[in-house]
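See below for the structure under consideration.
Readers should treat all values here as calculations from the given coordinates under stated rules, not as data from a laboratory. Just so it is clear, the model here is predicted, and its values are computed rather than measured. Backbone-built Cβ (ideal geometry, glycine too); neighbour counts: all protein chains shown.
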């Protein structure tokens with residue numbers, strides 16, 4: 001049997017937001033590699049095996065998965081959200097580039113999913129309705145000075161900003177520093193959305209102004225979305241406010 | 001009966017990439033508003049009614065949908081991809097903000113989907129594996145000078161760029177102009193992905209260098225992804241190359 005490697009995005013964590021393509025890819029695989037909590041979301045058969053690893057061991061996990069596929073197994077690498085957004089698809093590509101030539105001949109497929117910022121945006125309104133960007137605040141893999149430059153550049157250019165990996169025990173100060181930088185560039189009234197576990201039972205979405213944005217509101221399961229100067233908040237009776245970025249810029253309202 | 005408005009993203013156009021949440025929301029709705037080709041993808045029952053409109057009539061469509069929901073109907077506004085990314089969710093929010101107070105009291109829900117750049121990225125490798133942005137090239141709703149400034153800012157800052165609405169009959173020169181601007185900032189060897197109809201039977205994905213990027217390769221169904229200076233191409237025997245943006249920046253390889 002020829003091995004195959006599929007990298008699957010299971011979406012935000014609510015089974016209703018996992019695509020049939022992802023479900024079918026999981027059913028067709030026999031060995032599963034991933035961060036434990038993502039593997040825990042799968043319901044596997046007796047003939048399916050799981051290999052859990054820590055979330056800071058992405059490259060080692062990618063190599064193990066490629067090696068297993070090269071032995072002839074049907075292998076699945078599992079990501080939450082979309083595997084191409086700050087997740088396992090890039091780690092597998094890195095491992096392929098640096099690995100043995102046989103890894104380039106493996107059948108590889110990538111199954112996209114609903115990434116966190118889309119799930120958070122859907123619960124808040126339409127904050128990503130115009131130009132936007134996604135930036136990881138993790139400075140494990142890039143210097144903090146680069147993150148600072150990028151935040152200033154995109155905020156000045158008027159893009160909405162989705163922050164992935166905003167905070168963790170090992171990176172406690174970066175989100176607060178990011179808010180400080182953004183307060184130098186953006187109006188302090190700019191809406192900020194803390195979107196935690198969007199679509200899951202423990203979902204918590206809150207909207208505050210940039211002036212009041214408190215890093216302590218975020219954890220590893222939070223995607224933080226910071227509006228542009230155009231982003232607006234619509235108050236509603238008996239419902240959460242809607243946050244949206246208009247489709248047009250500079251046009252008279 | 002109380003009216004309800006649901007804004008649904010059906011994903012890239014392959015039914016296997018539509019979430020169960022979207023399928024269920026469609027089954028629960030009675031009147032469907034959308035761009036004709038998106039409505040054509042739905043299989044509706046006899047008791048479900050469709051109201052197709054042109055793709056440049058988003059605000060009028062949003063108002064019609066809100067009015068219909070306010071009459072007590074179960075209304076669905078259909079977007080391809082994700083409704084929050086350059087699509088109907090922002091148009092509905094605009095209409096609510098400017099509309100009668102009753103529209104703020106309607107039950108509104110937004111169902112996210114796999115947006116085009118994620119589907120294209122999955123077919124190409126992991127080009128969005130690090131910081132990236134999504135920019136609409138449509139200058140119907142914002143001045144071209146703003147688009148130019150944003151392209152320069154994000155390319156200089158090192159973000160991968162996904163271009164939505166790259167070209168149309170009414171906007172024939174903008175994509176070529178965008179490539180010219182990016183050639184001033186980025187290495188001409190930067191990979192460019194033309195991702196047309198990703199996931200659908202008529203899918204066509206091609207990878208060229210920024211030097212060779214020809215706007216004629218794109219149409220309205222294309223999402224164009226331009227790499228950052230870090231983005232790499234892995235050649236493979238008998239398979240399309242993999243394009244990916246490494247997770248780390250500035251680290252020795």
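Inter-copy label distances at residue A:183, shortest first and taken from points set 7 Å along Cα to Cβ: 4.5 nm. For the protein assembly as shown, adding -39500 (n - 2.57) for each run of n ≥ 4 DSSP H residues and dividing by the number of residues yields -8500 deg cm²/dmol at 222 nm. Average 1/r across all pairs of distinct alpha carbons in region B:3-102, invert it, and you get the Kirkwood radius: 13.3 Å.
The order of B:139, A:98, going from fewest to most other C-beta atoms within 10 Å of their C-beta, is A:98, B:139.
Of all DSSP beta bridges confined to region A:4-114, the antiparallel ones make up roughly 5%.
Relative intensity of region A:1-62 on a log10 scale, I(q)/I(0) at q = 0.26 Å⁻¹, equals -1.33, per a Debye sum over C-alpha point scatterers of equal strength in the absence of solvent.
Can you name the chain B residue with its Cβ nearest the rotation axis from B to A, and give the distance in Å as a whole number? It is B:133, 2, counting Cβ atoms only. Note on the protein assembly as shown: antiparallel DSSP beta bridges, both residues inside, total approximately 45 percent of the bridges counted. In nanometres and ascending order, the distances from the residue A:27 label point to those of the other copies are 1.6 (point 7 Å from Cα along Cα→Cβ).
Label-point spacing for residue A:152 across the identical copies (point 7 Å from Cα in the Cβ direction), in nm and ascending order: 1.7. Taking a label point 7 Å from the Cα of residue B:171 along the Cα→Cβ vector, which residues of region B:200-235 have an amide N closer than 20 Å to it? Counting only backbone N, you get B:213-227. Each part reduced to its alpha carbon centroid, region A:72-99 and region B:150-170 end up 26 Å apart. Of the beta bridges in region A:117-244, as assigned by DSSP with both residues counted there, near 75 percent are antiparallel.
For the peptide B:237-249, the mean number of other protein chain Cβ atoms found within 10 angstrom of a residue's Cβ is 5.
Using 0.36 nm times the number of residues separating residue A:149 and residue A:52, minus their current alpha carbon distance, what extension gain do you get? Gain on stretching residue A:149 to residue A:52: 31.4 nm. For region B:99-253, the average shadow cast by the Cα convex hull is 12.3 nm², which is a quarter of the hull's surface.
The spacing between region A:177-236 and region B:15-48, judged by their C-alpha centroids, is 32 Å.
Using Cα atoms only, what is the angle between the long axis of helix A:58-70 and the major principal axis of chain A, expressed in degrees (0 to 90) to the nearest 10? The two axes meet at around 30 degrees. The C-alpha atoms of the protein assembly as shown occupy a region whose extents along the principal axes are 63, 50, 49 Å, arranged from largest to smallest. With respect to chain B, whose longest principal axis is taken over its alpha-carbon atoms, helix B:144-157 is tilted by about 50°.
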